[in-house]
Amino acid sequence: MSSLLITHGYVVTVDPARRVISDGYVAVDGDSITAVGPMSELPDQSADEVIDARGMLVMPGLVNGHNHHWGSLFKNTGEGMLLEEWIDRVTLPLARQLSPDDLRVAAYLAAIEQIRTGTTCSLNHAVNINDGESMAAMIEPVLDVGVRQLVTKELRDTPDPPFSDAYPARPHVRDRAEELALAEEIVDRWDGAGGIVHMGLALETGANWMLHNSSSEELILEGVELAERRGLKITNHCGAGTPWLSHREFERATGGGDVDFLVRIGALAPSWVLIHVMHVRDREIDAIGRAGIGVITAPVSNAYNAGGVAPLKQFFAAGVPVGLGSDGTYVNCSPDMVEQMKFAVLIQNLTHMDPRLMTAESAIEMATIGSARAMGLDHLIGSLEPGKRADIVLFDLDRAHSTVTNRPVAALVFSAHGNDADTVIVNGQVLLRGGELAGFDREREVLDEATARAHAAISRAELADQVFVDWRHGHE
Ligand SMILES: [Zn+2]
(Lines give C-alpha, C1' and ligand atoms only; values in the text may rest on other atoms or scores of the structure.)
Protein backbone atom coordinates (compact mmCIF):
# COMPACT_ATOMS: atom_id res chain seq x y z
CA MET A 1 0.00 0.00 0.00
CA SER A 2 1.61 3.22 -1.11
CA SER A 3 0.91 6.62 0.37
CA LEU A 4 0.51 9.96 -1.31
CA LEU A 5 0.48 13.51 -0.06
CA ILE A 6 -0.86 16.45 -2.06
CA THR A 7 0.38 19.75 -0.61
CA HIS A 8 -0.27 23.48 -1.02
CA GLY A 9 -3.39 23.07 -3.19
CA TYR A 10 -6.51 25.20 -3.37
CA VAL A 11 -8.67 22.37 -2.02
CA VAL A 12 -12.36 22.31 -2.94
CA THR A 13 -13.71 19.42 -0.89
CA VAL A 14 -17.44 19.35 -1.85
CA ASP A 15 -17.85 17.76 1.61
CA PRO A 16 -21.16 18.35 3.50
CA ALA A 17 -19.91 21.75 4.75
CA ARG A 18 -18.59 22.59 1.27
CA ARG A 19 -15.27 23.43 2.85
CA VAL A 20 -12.69 25.22 0.69
CA ILE A 21 -9.10 25.39 1.93
CA SER A 22 -6.93 27.94 0.16
CA ASP A 23 -3.61 26.35 1.16
CA GLY A 24 -4.49 22.76 1.90
CA TYR A 25 -3.33 19.16 1.80
CA VAL A 26 -4.91 15.82 1.00
CA ALA A 27 -3.35 12.63 2.39
CA VAL A 28 -3.94 9.26 0.75
CA ASP A 29 -3.07 5.82 1.96
CA GLY A 30 -3.67 2.91 -0.39
CA ASP A 31 -6.99 3.42 -2.14
CA SER A 32 -8.46 5.91 0.35
CA ILE A 33 -8.24 9.48 1.54
CA THR A 34 -7.02 9.61 5.14
CA ALA A 35 -7.01 13.35 5.86
CA VAL A 36 -7.88 16.72 4.34
CA GLY A 37 -6.96 20.02 5.96
CA PRO A 38 -4.97 23.26 5.92
CA MET A 39 -1.20 23.06 5.49
CA SER A 40 -0.85 24.73 8.89
CA GLU A 41 -2.32 21.58 10.44
CA LEU A 42 -0.40 19.04 8.35
CA PRO A 43 0.97 16.40 10.72
CA ASP A 44 4.64 15.59 10.44
CA GLN A 45 4.35 12.54 8.24
CA SER A 46 6.22 10.99 5.35
CA ALA A 47 4.66 9.72 2.14
CA ASP A 48 5.89 7.61 -0.77
CA GLU A 49 5.03 10.43 -3.16
CA VAL A 50 4.48 14.14 -2.50
CA ILE A 51 2.72 16.21 -5.14
CA ASP A 52 3.16 19.97 -4.94
CA ALA A 53 -0.19 21.49 -5.95
CA ARG A 54 0.75 25.19 -5.91
CA GLY A 55 -1.38 27.03 -8.48
CA MET A 56 -3.75 24.10 -8.71
CA LEU A 57 -7.34 23.50 -7.74
CA VAL A 58 -7.58 20.14 -5.96
CA MET A 59 -11.01 18.57 -6.01
CA PRO A 60 -12.89 15.27 -6.16
CA GLY A 61 -12.57 13.76 -9.62
CA LEU A 62 -15.39 14.70 -11.97
CA VAL A 63 -18.15 12.10 -12.30
CA ASN A 64 -19.75 11.76 -15.72
CA GLY A 65 -23.25 10.40 -15.11
CA HIS A 66 -24.07 9.60 -18.72
CA ASN A 67 -21.86 8.32 -21.51
CA HIS A 68 -21.92 5.58 -24.14
CA HIS A 69 -18.28 4.69 -24.48
CA TRP A 70 -18.41 3.21 -27.97
CA GLY A 71 -19.72 6.59 -29.10
CA SER A 72 -16.14 7.86 -28.76
CA LEU A 73 -15.44 6.23 -32.14
CA PHE A 74 -18.19 8.25 -33.80
CA LYS A 75 -17.73 11.88 -32.83
CA ASN A 76 -19.15 14.32 -35.40
CA THR A 77 -21.32 11.82 -37.25
CA GLY A 78 -24.79 13.11 -36.37
CA GLU A 79 -25.15 16.85 -36.83
CA GLY A 80 -28.39 18.42 -37.94
CA MET A 81 -30.74 15.68 -36.79
CA LEU A 82 -33.45 15.49 -34.18
CA LEU A 83 -33.13 12.58 -31.73
CA GLU A 84 -35.45 10.22 -33.60
CA GLU A 85 -33.78 10.63 -36.97
CA TRP A 86 -30.33 10.47 -35.40
CA ILE A 87 -31.11 7.19 -33.60
CA ASP A 88 -32.50 5.57 -36.73
CA ARG A 89 -29.96 6.91 -39.23
CA VAL A 90 -26.76 6.93 -37.16
CA THR A 91 -26.87 5.20 -33.78
CA LEU A 92 -28.62 1.95 -34.57
CA PRO A 93 -26.81 1.33 -37.91
CA LEU A 94 -23.45 1.92 -36.19
CA ALA A 95 -24.34 -0.15 -33.12
CA ARG A 96 -25.02 -3.12 -35.38
CA GLN A 97 -21.46 -2.90 -36.78
CA LEU A 98 -19.57 -3.16 -33.51
CA SER A 99 -17.24 -6.13 -33.05
CA PRO A 100 -15.71 -6.93 -29.65
CA ASP A 101 -12.43 -5.46 -30.98
CA ASP A 102 -14.22 -2.21 -31.89
CA LEU A 103 -15.70 -2.09 -28.39
CA ARG A 104 -12.29 -2.79 -26.88
CA VAL A 105 -10.52 0.09 -28.61
CA ALA A 106 -13.48 2.39 -27.89
CA ALA A 107 -13.21 1.47 -24.21
CA TYR A 108 -9.51 2.35 -24.21
CA LEU A 109 -10.20 5.64 -25.97
CA ALA A 110 -13.05 6.53 -23.61
CA ALA A 111 -10.87 5.73 -20.59
CA ILE A 112 -8.05 7.96 -21.89
CA GLU A 113 -10.50 10.79 -22.70
CA GLN A 114 -11.81 10.44 -19.18
CA ILE A 115 -8.38 10.71 -17.53
CA ARG A 116 -7.19 13.57 -19.70
CA THR A 117 -10.23 15.70 -18.82
CA GLY A 118 -10.17 15.10 -15.07
CA THR A 119 -13.04 12.62 -14.97
CA THR A 120 -12.33 9.83 -12.53
CA CYS A 121 -15.63 7.95 -12.88
CA SER A 122 -18.21 7.62 -15.59
CA LEU A 123 -21.37 5.69 -16.25
CA ASN A 124 -21.18 3.61 -19.43
CA HIS A 125 -24.80 3.20 -20.51
CA ALA A 126 -25.12 0.18 -22.83
CA VAL A 127 -27.31 0.78 -25.87
CA ASN A 128 -25.80 -1.92 -28.08
CA ILE A 129 -26.61 -5.62 -27.64
CA ASN A 130 -23.98 -7.37 -25.52
CA ASP A 131 -22.94 -10.84 -24.46
CA GLY A 132 -20.21 -12.13 -22.14
CA GLU A 133 -17.49 -11.57 -24.75
CA SER A 134 -18.44 -8.00 -25.63
CA MET A 135 -18.83 -7.06 -21.96
CA ALA A 136 -15.29 -8.35 -21.33
CA ALA A 137 -14.09 -6.23 -24.27
CA MET A 138 -15.65 -3.17 -22.65
CA ILE A 139 -14.45 -3.83 -19.10
CA GLU A 140 -10.91 -5.23 -19.45
CA PRO A 141 -9.57 -1.89 -20.78
CA VAL A 142 -11.12 -0.12 -17.77
CA LEU A 143 -9.07 -2.37 -15.50
CA ASP A 144 -5.97 -2.01 -17.66
CA VAL A 145 -6.08 1.80 -17.66
CA GLY A 146 -7.36 2.10 -14.09
CA VAL A 147 -10.31 4.51 -14.30
CA ARG A 148 -13.48 4.01 -12.28
CA GLN A 149 -16.67 3.20 -14.15
CA LEU A 150 -20.22 2.17 -13.52
CA VAL A 151 -20.67 -0.25 -16.41
CA THR A 152 -24.18 -1.31 -17.31
CA LYS A 153 -25.54 -4.44 -18.99
CA GLU A 154 -28.54 -3.71 -21.16
CA LEU A 155 -31.80 -5.62 -20.71
CA ARG A 156 -33.94 -6.03 -23.81
CA ASP A 157 -36.78 -8.17 -25.04
CA THR A 158 -39.59 -7.83 -27.52
CA PRO A 159 -43.10 -7.15 -26.24
CA ASP A 160 -45.71 -9.59 -27.48
CA PRO A 161 -48.02 -8.20 -28.74
CA PRO A 162 -45.81 -5.29 -29.90
CA PHE A 163 -46.05 -2.04 -27.95
CA SER A 164 -46.18 -0.07 -31.21
CA ASP A 165 -46.35 -0.66 -34.94
CA ALA A 166 -44.16 2.42 -35.55
CA TYR A 167 -41.13 0.10 -35.89
CA PRO A 168 -40.83 -3.64 -36.55
CA ALA A 169 -40.93 -5.83 -33.41
CA ARG A 170 -38.02 -8.12 -34.29
CA PRO A 171 -37.51 -10.98 -31.82
CA HIS A 172 -34.62 -10.25 -29.44
CA VAL A 173 -31.60 -12.57 -29.56
CA ARG A 174 -32.47 -14.02 -26.13
CA ASP A 175 -35.74 -14.67 -24.35
CA ARG A 176 -36.53 -12.75 -21.17
CA ALA A 177 -35.34 -15.40 -18.72
CA GLU A 178 -32.05 -15.83 -20.58
CA GLU A 179 -31.61 -12.07 -20.75
CA LEU A 180 -32.03 -11.62 -17.00
CA ALA A 181 -29.84 -14.64 -16.19
CA LEU A 182 -27.05 -13.36 -18.46
CA ALA A 183 -27.19 -9.93 -16.83
CA GLU A 184 -26.87 -11.44 -13.38
CA GLU A 185 -23.98 -13.65 -14.50
CA ILE A 186 -22.16 -10.58 -15.90
CA VAL A 187 -22.80 -8.63 -12.70
CA ASP A 188 -21.39 -11.53 -10.67
CA ARG A 189 -18.31 -11.71 -12.88
CA TRP A 190 -17.34 -8.02 -12.85
CA ASP A 191 -18.91 -6.11 -9.96
CA GLY A 192 -16.14 -4.74 -7.72
CA ALA A 193 -13.32 -5.78 -10.07
CA GLY A 194 -10.10 -3.95 -9.24
CA GLY A 195 -12.03 -1.81 -6.76
CA ILE A 196 -12.99 0.40 -9.73
CA VAL A 197 -15.63 -1.49 -11.73
CA HIS A 198 -19.19 -1.12 -10.49
CA MET A 199 -21.93 -2.97 -12.34
CA GLY A 200 -25.45 -1.82 -13.12
CA LEU A 201 -28.22 -2.34 -15.66
CA ALA A 202 -29.56 -0.33 -18.60
CA LEU A 203 -33.24 -0.61 -19.40
CA GLU A 204 -35.01 1.61 -21.90
CA THR A 205 -38.54 2.70 -21.04
CA GLY A 206 -38.54 6.14 -22.68
CA ALA A 207 -40.87 7.10 -25.51
CA ASN A 208 -38.56 6.58 -28.47
CA TRP A 209 -37.22 3.24 -27.25
CA MET A 210 -40.69 1.91 -26.37
CA LEU A 211 -41.86 2.82 -29.89
CA HIS A 212 -38.91 0.69 -31.10
CA ASN A 213 -40.36 -2.23 -29.06
CA SER A 214 -37.19 -2.46 -26.95
CA SER A 215 -38.75 -3.55 -23.63
CA SER A 216 -41.86 -5.38 -22.47
CA GLU A 217 -43.66 -4.40 -19.28
CA GLU A 218 -42.71 -7.80 -17.85
CA LEU A 219 -39.02 -7.14 -18.54
CA ILE A 220 -39.22 -3.69 -16.93
CA LEU A 221 -40.82 -5.11 -13.78
CA GLU A 222 -38.43 -8.07 -13.59
CA GLY A 223 -35.45 -5.78 -14.28
CA VAL A 224 -36.47 -3.53 -11.38
CA GLU A 225 -36.86 -6.61 -9.17
CA LEU A 226 -33.36 -7.81 -10.13
CA ALA A 227 -31.90 -4.35 -9.48
CA GLU A 228 -33.55 -4.07 -6.07
CA ARG A 229 -32.54 -7.61 -5.07
CA ARG A 230 -28.90 -7.03 -6.05
CA GLY A 231 -28.63 -3.34 -5.09
CA LEU A 232 -27.96 -2.24 -8.68
CA LYS A 233 -28.73 1.01 -10.45
CA ILE A 234 -30.63 1.01 -13.76
CA THR A 235 -29.83 3.72 -16.25
CA ASN A 236 -32.65 4.80 -18.57
CA HIS A 237 -33.14 7.52 -21.19
CA CYS A 238 -36.30 9.25 -19.97
CA GLY A 239 -38.36 12.24 -21.05
CA ALA A 240 -36.08 12.82 -24.02
CA GLY A 241 -38.04 12.43 -27.24
CA THR A 242 -38.76 15.40 -29.48
CA PRO A 243 -42.04 16.90 -28.15
CA TRP A 244 -43.88 16.72 -31.49
CA LEU A 245 -42.45 13.32 -32.53
CA SER A 246 -41.83 10.28 -30.29
CA HIS A 247 -42.91 12.07 -27.12
CA ARG A 248 -46.33 12.93 -28.59
CA GLU A 249 -46.71 9.46 -30.14
CA PHE A 250 -45.99 7.83 -26.76
CA GLU A 251 -48.50 10.11 -25.01
CA ARG A 252 -51.14 9.08 -27.54
CA ALA A 253 -50.37 5.41 -26.89
CA THR A 254 -50.17 5.53 -23.09
CA GLY A 255 -52.11 8.65 -22.04
CA GLY A 256 -49.09 10.19 -20.28
CA GLY A 257 -45.35 10.79 -20.23
CA ASP A 258 -42.39 8.50 -19.64
CA VAL A 259 -42.53 8.77 -15.84
CA ASP A 260 -46.33 8.43 -15.79
CA PHE A 261 -45.84 5.13 -17.61
CA LEU A 262 -43.41 3.80 -14.97
CA VAL A 263 -45.83 4.85 -12.22
CA ARG A 264 -48.77 3.16 -13.96
CA ILE A 265 -47.03 -0.20 -14.37
CA GLY A 266 -45.68 -0.07 -10.79
CA ALA A 267 -42.02 0.24 -11.80
CA LEU A 268 -40.95 3.60 -10.37
CA ALA A 269 -38.27 2.51 -7.90
CA PRO A 270 -35.18 4.17 -6.36
CA SER A 271 -32.94 1.97 -8.56
CA TRP A 272 -33.45 4.15 -11.61
CA VAL A 273 -30.91 6.69 -12.82
CA LEU A 274 -33.04 8.75 -15.19
CA ILE A 275 -31.18 10.47 -18.01
CA HIS A 276 -32.11 13.78 -19.70
CA VAL A 277 -35.63 14.10 -18.15
CA MET A 278 -36.65 17.18 -20.11
CA HIS A 279 -40.25 16.57 -21.09
CA VAL A 280 -41.98 15.79 -17.80
CA ARG A 281 -45.02 17.24 -16.09
CA ASP A 282 -45.09 18.57 -12.54
CA ARG A 283 -46.72 15.36 -11.31
CA GLU A 284 -43.89 13.33 -12.84
CA ILE A 285 -41.24 15.49 -11.14
CA ASP A 286 -43.09 15.03 -7.84
CA ALA A 287 -43.14 11.26 -8.40
CA ILE A 288 -39.37 11.21 -9.08
CA GLY A 289 -38.78 13.21 -5.90
CA ARG A 290 -41.00 11.00 -3.75
CA ALA A 291 -39.34 7.83 -5.08
CA GLY A 292 -35.85 9.14 -4.20
CA ILE A 293 -34.60 8.78 -7.76
CA GLY A 294 -31.61 10.70 -9.10
CA VAL A 295 -31.50 12.30 -12.53
CA ILE A 296 -28.61 13.11 -14.82
CA THR A 297 -28.77 16.14 -17.03
CA ALA A 298 -26.79 16.18 -20.28
CA PRO A 299 -27.35 19.70 -21.57
CA VAL A 300 -24.78 19.81 -24.37
CA SER A 301 -26.18 16.59 -25.84
CA ASN A 302 -29.72 17.96 -25.54
CA ALA A 303 -28.68 21.13 -27.33
CA TYR A 304 -26.81 19.23 -30.05
CA ASN A 305 -30.03 17.65 -31.32
CA ALA A 306 -32.21 20.56 -30.17
CA GLY A 307 -34.15 18.27 -27.82
CA GLY A 308 -34.97 20.67 -25.01
CA VAL A 309 -33.84 21.95 -21.62
CA ALA A 310 -34.21 19.95 -18.41
CA PRO A 311 -36.34 21.54 -15.65
CA LEU A 312 -33.49 21.63 -13.14
CA LYS A 313 -35.08 24.39 -11.08
CA GLN A 314 -38.01 22.11 -10.34
CA PHE A 315 -35.75 19.13 -9.64
CA PHE A 316 -33.76 21.16 -7.13
CA ALA A 317 -37.01 22.34 -5.49
CA ALA A 318 -38.23 18.74 -5.26
CA GLY A 319 -34.97 17.64 -3.60
CA VAL A 320 -34.02 15.38 -6.50
CA PRO A 321 -30.29 14.54 -6.71
CA VAL A 322 -29.12 16.00 -10.01
CA GLY A 323 -25.92 14.87 -11.67
CA LEU A 324 -24.22 15.87 -14.88
CA GLY A 325 -23.26 13.87 -17.94
CA SER A 326 -21.88 14.32 -21.42
CA ASP A 327 -23.82 11.57 -23.21
CA GLY A 328 -21.97 9.55 -25.83
CA THR A 329 -19.46 11.64 -27.71
CA TYR A 330 -21.28 10.67 -30.93
CA VAL A 331 -23.92 13.18 -29.89
CA ASN A 332 -22.08 15.67 -27.70
CA CYS A 333 -19.23 15.57 -29.20
CA SER A 334 -16.90 16.05 -26.24
CA PRO A 335 -16.46 14.13 -23.00
CA ASP A 336 -15.05 17.25 -21.31
CA MET A 337 -16.96 17.61 -18.04
CA VAL A 338 -15.66 21.15 -17.51
CA GLU A 339 -17.39 22.13 -20.75
CA GLN A 340 -20.56 20.38 -19.53
CA MET A 341 -20.46 22.39 -16.28
CA LYS A 342 -20.17 25.72 -18.07
CA PHE A 343 -22.92 24.94 -20.53
CA ALA A 344 -25.22 23.62 -17.77
CA VAL A 345 -25.02 26.94 -15.96
CA LEU A 346 -25.42 29.09 -19.07
CA ILE A 347 -28.34 27.24 -20.63
CA GLN A 348 -30.31 27.15 -17.37
CA ASN A 349 -29.71 30.81 -16.60
CA LEU A 350 -30.60 31.79 -20.14
CA THR A 351 -33.77 29.65 -20.18
CA HIS A 352 -35.03 31.29 -16.99
CA MET A 353 -33.45 34.68 -17.78
CA ASP A 354 -32.06 34.54 -14.26
CA PRO A 355 -28.25 34.79 -13.91
CA ARG A 356 -28.49 33.65 -10.28
CA LEU A 357 -30.26 30.35 -10.85
CA MET A 358 -27.11 28.31 -11.42
CA THR A 359 -23.65 29.09 -10.11
CA ALA A 360 -20.16 27.71 -10.59
CA GLU A 361 -20.68 26.01 -7.23
CA SER A 362 -23.92 24.31 -8.28
CA ALA A 363 -22.23 23.07 -11.47
CA ILE A 364 -19.34 21.59 -9.47
CA GLU A 365 -21.82 19.95 -7.11
CA MET A 366 -23.68 18.36 -10.02
CA ALA A 367 -20.44 17.13 -11.63
CA THR A 368 -19.16 15.52 -8.42
CA ILE A 369 -21.41 14.62 -5.49
CA GLY A 370 -24.60 15.05 -7.57
CA SER A 371 -23.63 12.44 -10.13
CA ALA A 372 -22.22 10.20 -7.40
CA ARG A 373 -25.53 10.35 -5.49
CA ALA A 374 -27.62 9.67 -8.58
CA MET A 375 -25.36 6.70 -9.41
CA GLY A 376 -25.49 5.32 -5.86
CA LEU A 377 -21.73 5.76 -5.36
CA ASP A 378 -21.70 8.76 -3.01
CA HIS A 379 -20.54 6.59 -0.09
CA LEU A 380 -17.31 6.05 -2.07
CA ILE A 381 -16.73 9.09 -4.28
CA GLY A 382 -17.90 12.61 -5.11
CA SER A 383 -16.10 14.55 -2.34
CA LEU A 384 -12.75 14.78 -0.61
CA GLU A 385 -13.39 13.27 2.81
CA PRO A 386 -11.42 10.86 4.98
CA GLY A 387 -12.58 7.31 4.32
CA LYS A 388 -13.68 7.94 0.74
CA ARG A 389 -11.80 6.48 -2.21
CA ALA A 390 -8.89 8.59 -3.41
CA ASP A 391 -10.40 9.78 -6.71
CA ILE A 392 -8.84 13.22 -7.03
CA VAL A 393 -8.06 15.72 -9.78
CA LEU A 394 -5.63 18.63 -9.77
CA PHE A 395 -6.52 21.30 -12.31
CA ASP A 396 -3.69 23.65 -13.23
CA LEU A 397 -5.31 27.08 -13.14
CA ASP A 398 -2.01 28.91 -13.41
CA ARG A 399 -2.33 29.20 -17.18
CA ALA A 400 -2.96 32.25 -19.33
CA HIS A 401 -6.61 31.45 -20.04
CA SER A 402 -7.61 30.62 -16.47
CA THR A 403 -5.28 32.39 -14.10
CA VAL A 404 -6.34 31.62 -10.57
CA THR A 405 -6.09 34.95 -8.82
CA ASN A 406 -9.70 36.05 -8.50
CA ARG A 407 -12.11 33.21 -7.81
CA PRO A 408 -10.81 29.69 -8.43
CA VAL A 409 -14.14 27.79 -8.53
CA ALA A 410 -15.47 30.23 -11.12
CA ALA A 411 -12.19 30.03 -13.06
CA LEU A 412 -12.56 26.26 -13.25
CA VAL A 413 -16.13 26.33 -14.54
CA PHE A 414 -16.03 29.37 -16.81
CA SER A 415 -12.40 29.76 -17.91
CA ALA A 416 -10.69 26.38 -17.75
CA HIS A 417 -10.92 23.25 -19.89
CA GLY A 418 -10.92 19.57 -18.98
CA ASN A 419 -7.44 19.15 -20.37
CA ASP A 420 -6.13 21.59 -17.78
CA ALA A 421 -6.12 18.45 -15.61
CA ASP A 422 -2.52 18.10 -14.46
CA THR A 423 -2.83 15.17 -12.10
CA VAL A 424 -5.53 12.53 -11.92
CA ILE A 425 -5.72 9.92 -9.19
CA VAL A 426 -8.19 7.03 -9.14
CA ASN A 427 -8.46 4.62 -6.23
CA GLY A 428 -5.13 5.95 -4.95
CA GLN A 429 -3.30 5.31 -8.25
CA VAL A 430 -1.79 8.25 -10.14
CA LEU A 431 -3.03 7.93 -13.75
CA LEU A 432 -2.00 11.38 -14.99
CA ARG A 433 1.10 13.16 -13.69
CA GLY A 434 2.16 16.57 -14.99
CA GLY A 435 -0.33 16.19 -17.84
CA GLU A 436 1.18 12.87 -18.99
CA LEU A 437 -0.41 9.47 -18.73
CA ALA A 438 1.32 7.50 -16.00
CA GLY A 439 1.37 3.73 -16.31
CA PHE A 440 -0.27 3.46 -19.77
CA ASP A 441 2.08 3.86 -22.70
CA ARG A 442 -0.08 2.83 -25.68
CA GLU A 443 -2.08 6.03 -26.16
CA ARG A 444 -0.82 6.71 -29.72
CA GLU A 445 -1.59 3.12 -30.70
CA VAL A 446 -5.12 3.41 -29.28
CA LEU A 447 -5.82 6.68 -31.12
CA ASP A 448 -4.63 5.24 -34.45
CA GLU A 449 -6.57 1.99 -34.06
CA ALA A 450 -9.69 3.88 -32.97
CA THR A 451 -9.55 6.05 -36.10
CA ALA A 452 -9.07 3.08 -38.42
CA ARG A 453 -11.84 1.05 -36.78
CA ALA A 454 -14.25 3.99 -36.70
CA HIS A 455 -13.77 4.71 -40.41
CA ALA A 456 -14.24 1.04 -41.26
CA ALA A 457 -17.43 0.78 -39.20
CA ILE A 458 -18.85 3.96 -40.76
CA SER A 459 -18.20 2.50 -44.21
CA ARG A 460 -19.73 -0.89 -43.30
CA ALA A 461 -22.82 0.94 -42.01
CA GLU A 462 -23.00 2.70 -45.41
CA LEU A 463 -22.75 6.10 -43.74
CA ALA A 464 -19.58 7.27 -45.49
CA ASP A 465 -21.37 9.65 -47.85
CA GLN A 466 -23.32 11.13 -44.95
CA VAL A 467 -20.37 11.48 -42.54
CA PHE A 468 -17.21 12.19 -44.53
CA VAL A 469 -18.31 15.62 -45.72
CA ASP A 470 -15.70 18.39 -45.93
CA TRP A 471 -18.12 21.32 -45.79
CA ARG A 472 -21.86 21.32 -45.29
CA HIS A 473 -23.70 23.90 -47.35
CA GLY A 474 -26.62 24.22 -44.92
CA HIS A 475 -29.01 21.47 -43.92
CA GLU A 476 -31.85 20.21 -46.07
ZN1 LIG B 1 -27.58 8.66 -24.08
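The values are calculated or read from the model by the stated rules, or taken from the named source; none is laboratory data. Every value quoted in this text rests on a predicted model; they were computed, and no experiment measured them. Counting neighbours? That spans all protein chains shown, and the Cβs are built from the backbone with ideal geometry, glycine included. Just the protein is used for accessible areas: all its heavy atoms, side chains included, with ligands, DNA and RNA removed. Shrake-Rupley method; radii C 1.70, N 1.55, O 1.52, S 1.80 Å.
Tell me the mean residue ellipticity at 222 nm calculated for the chain from its helices only (DSSP H runs of n ≥ 4, each -39500 (n - 2.57), averaged over every residue, nearest 500).
-9500 deg cm²/dmol
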Cα-based reach from Lys388 at 15 Å (exclusive), listing aspartates and glutamates while leaving out same-chain residues under 8 positions away | Asp15, Asp29, Asp31, Asp378
For the chain, what is the accessible area per residue in Å², given a 1.4 Å probe and the full set of protein chains?
-> 39
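Can you tell me the convex hull volume per residue for the chain, based on C-alpha atoms, in Å³ to the nearest whole number? Write down the numbers at each step before the final one.
Working: hull volume 69.0 nm³, N = 476.
About 145 Å³ per residue, rounded to a whole number.
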Which ³J(HN,Hα) values, rounded to whole Hz and listed in residue order, are derived for the stretch 197-209 from phi using the Karplus coefficients 6.51, -1.76 and 1.60 in 6.51 cos²θ - 1.76 cosθ + 1.60 with θ = phi - 60°, glycine and proline given as x?
-> 9, 10, 9, x, 10, 10, 9, 9, 10, x, 3, 5, 6
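Mean 1/r over all different Cα pairs, inverted: what Kirkwood radius does the stretch 1-150 give, in Å? Intermediate results must be reported in sequence, preceding the final value.
Working: mean 1/r = 0.0557 Å⁻¹.
18.0 Å is the Kirkwood radius here.
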Amide H contacts under 5 Å for Leu201, placed H, 5+ residues apart | Lys153, Lys233, Ile234, Thr235
Residues of the stretch 159-186 with amide N under 15 Å of the 7 Å Cα→Cβ point at Ser99 = none
Based on the mean of other beta carbon atoms within 10 Å per residue, what is the order of 57-70, 218-231, 283-296, most packed first?
-> 57-70, 283-296, 218-231
For the stretch 94-166, what is the Kirkwood hydrodynamic radius in Å, using each pair of distinct C-alpha atoms?
-> 13.5
Enumerate the lysines that Lys153 could reach by cross-link, defined here as Cα to Cα under 18 Å, with residues fewer than 8 away along the same chain left out.
-> Lys233
Can you work out the PRE-style zone for Arg230? Point 7 Å along Cα to Cβ, and I want the residues of the stretch 165-188 with backbone N under 18 Å.
-> 174-188
Can you find, among Ser134, Gly9, Ser334, the residue farthest towards the positive end of the dipole of the chain? Put +1 on the C-beta of Lys and Arg, -1 on that of Asp and Glu.
-> Gly9
Segments 15-27, 170-182, 140-152, 254-266 sorted - mean Cβ within 10 Å per residue, highest first | 140-152, 254-266, 15-27, 170-182
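If you count, for each residue, the other Cβ atoms within 10 Å and average over each peptide, how do 392-401, 273-282 line up from highest to lowest?
Answer by packing, highest mean first, reads 273-282, 392-401.
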Express in whole angstrom the spacing between the alpha-carbon centres of the stretch 292-361 and the stretch 383-437.
-> 21
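Treating only the Cβ of Lys, Arg, Asp and Glu as charged (+1, +1, -1, -1), what charge dipole size does the chain show about its Cα centre? Round to the nearest 20 debye. Provide the component values of the computation, followed by the final result.
Working: 38 positive and 67 negative charges, 205 e Å.
Here the size comes out at about 980 debye.
Which value, in Å³ per residue, describes the convex hull spanned by the Cα atoms of the stretch 398-476? Spell out each step's value before the answer.
Working: hull volume 16.4 nm³, N = 79.
It is 207 Å³ per residue.
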Of the accessible area of the chain, with the probe set at 1.4 angstrom, what percent is carbon plus sulfur?
-> 49
Largest first and to the nearest Å, give the Cα extent of the stretch 137-200 along each principal axis.
-> 44, 22, 15
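When DSSP beta bridges are limited to those with both residues in the chain, what percentage is antiparallel, rounded to the nearest 5? Walk me through the numbers on the way to the answer.
Values: 28 of 62 bridges.
So the antiparallel bridges in the chain amount to around 45 percent.
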